[in-house]
1. Return P(r) of segment 1-109 (all Cα-Cα pairs; 5 Å bins starting at 0; whole %; ordered from short to long distances).
2. Run the dipole for the chain about the Cα centre, Lys and Arg Cβ at +1, Asp and Glu Cβ at -1, nothing else charged, and hand back the magnitude in debye, nearest 20.
3. Which of 54, 358, 151 has the fewest other C-beta atoms within 10 Å, and how do the rest follow up to the most?
4. Summing Lys, Arg as +1 and Asp, Glu as -1, what charge do residues with Cβ under 10 Å from the Cβ of residue 11 carry, residue 11 excluded?
5. Quick check: residue separation of residue 402 and residue 143 times 0.36 nm, minus the Cα distance between them. What number comes out in nm?
6. Residue separation times 0.36 nm, minus the C-alpha to C-alpha distance between residue 425 and residue 459: what's the value?
7. What residue among 45, 450, 173 has its Cα farthest toward the positive end of the dipole of the chain, where the charges are +1 on Lys, Arg and -1 on Asp, Glu, each on the Cβ?
8. Using a simple charge model, +1 on the beta-carbon of Lys and Arg, -1 on the beta-carbon of Asp and Glu, nothing else, what dipole does segment 217-268 show about its Cα centre, in debye to the nearest 20?
Amino acid sequence: MGDIVKIFDTTLRDGEQSPGATLSSAEKLKIARNLSRLGVDIMEAGFPAASPDDLEAVKQIAIHVGNDVPEGRTEPPVICGLARAVKRDIDKCWEAVQHAKHPRIHTFLATSPIHMQHKLRMDPEEVVDKVKEMVTYAKSFCDDIEFSPEDAGRSQPEFLYLVLGEAIKAGATTLNIPDTVGYQTPEGFGTLIKGIMENTPGIENVTVSVHCHNDLGMATANTMAGVMNGARQVEVTINGIGERAGNTSLEEVVMAMKTRGDAYDLDTNIDTTQLIPLSRQVSRFTGMAVQANKAIVGENAFAHEAGIHQDGMLKNEETYEIMRPETVGLLKSELVLGKHSGRHAFKVRMAELGYELDGDLLNDAFSKFKRVADAKKVVTDTDLIALVDDQMMRPTRIYRLDGMQVTCGTIDMPTASVRLIDPDNNPHLAVAIGTGPVDAAFKAIDSIVQVPNSLEEYVVRAVTDGIDAIGEVTVRLESADDKFKLRTDPQSGLKRARSFGGHGAETDIVVASAKAYLAALNKMLVASGKFEA
């Protein structure tokens, strides 16, 4: 095994900046627990100065994940927060991350000519002074300080050497080199990192990190070029989510090093068997579907349809697979449980799949499993994951679906009757007509919940094959109320539109749609401050 490359996961910060990927505090905490189990070395839990909710989310992660040692590790992960190079941001960041055993403050300031001139309106000397001042200020709170020269990919190398050297003198322990707008090529970015390693005073005393965006589709290649030239920390996200075209994908970098040890002679602390379950969790929480041909975690990543490929696979799997699907957590669909299975067998199987269920959560999940088992002839591992994820991944349940009935077809108008239970446990019944059963169901729910919104995205997929497959639905809503729509962009400090995702899974796709829609509305209500998650 070669050198260990630290995995700095920013799914909960940069990943959440994807349009429509807003996560609640409870959802962030669930993902953070699984990131810790995955084995990430550092997780950037959020941007505490962006909002009170983000600060609270980072604080809860620091408390509950930053002090919990995951199985197979000797220490909890480092919990990091992002802060602009201003004292208020750094204060808020420390307020949130100080509760972790290993806290880190990550501050940044742009260094490219275009950013300094047009965004910061600062000259290079002022930037250097500000970096020294703010890194020193951050260092007064904790020892672990990361500094990023924003838009380093378009910065002058000689100026970078100067800024980074001053950051080291001020106390930075990690220097992150971001290709903020995905401008670099692998050759150019590798050369940039090599130059930094050779020309920055004190570089031997710190960790060099890389953070690449995917605007030209080269984020993973650029990241690996950085690693090959001396970087020993990579900043990545699950499924590659993030601003614009996204970030470097965690699963791609990790599996590149694992699969091509001959080329890289590097390794990570990641348990790769958890990659696909976590990919699916992040997809459901954010409402961002993973493209079918996505490397490592896409539906087609281990699928073979061409005859010559199928023939080769039957003779030797290595003819067309450079990785075994089991190494990334892909389970073969096989009958493992049925309607006659008991609670103990269900609990044991779910533990084998990575879900520790007890108490009310076990009872609720088992009841749902029995309903699915009665409706289906076979229950696969994938079915089990879908139904338990749907049970576990709804942390916000202000209104809950208590029952529904729909009629549709070519003769009568599509109609939906919906019964919801409100936060005070009171039932509400509504009937609505729509252009189809899903539209009618959404209108009935709207008449009860009464949160003006627009449906931005609606995605349906089957979890398994067959007419009795569990259907998954993800939706993304944007509030029509301005006070719910605005969130702070950590790069520019500007306010921007906010949207909310929801997920539902059922054998009945209309019911799954209603659950997903209601989940998104519940998140919107929490964001309004009227209810707590």
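We did not get these values from a lab; they are worked out from the coordinates using the rules stated. These numbers come from a predicted model, not from an experiment. Every residue, glycine as well, gets a Cβ built from its backbone with ideal geometry; the counts of neighbours run over all protein chains shown.
1. The distribution over segment 1-109 is 2, 14, 25, 25, 18, 9, 4, 1, 0, given as percents.
2. Dipole magnitude for the chain comes out near 1140 debye.
3. Neighbour counts put them in this order, fewest first: 358, 151, 54.
4. Working: positive: 13, 28; negative: 9, 14, 16, 44.
Value of the local net charge: -2.
5. 88.1 nm
6. Answer, rounded to one decimal: 9.2 nm.
7. 450
8. Here the size comes out at about 80 debye.
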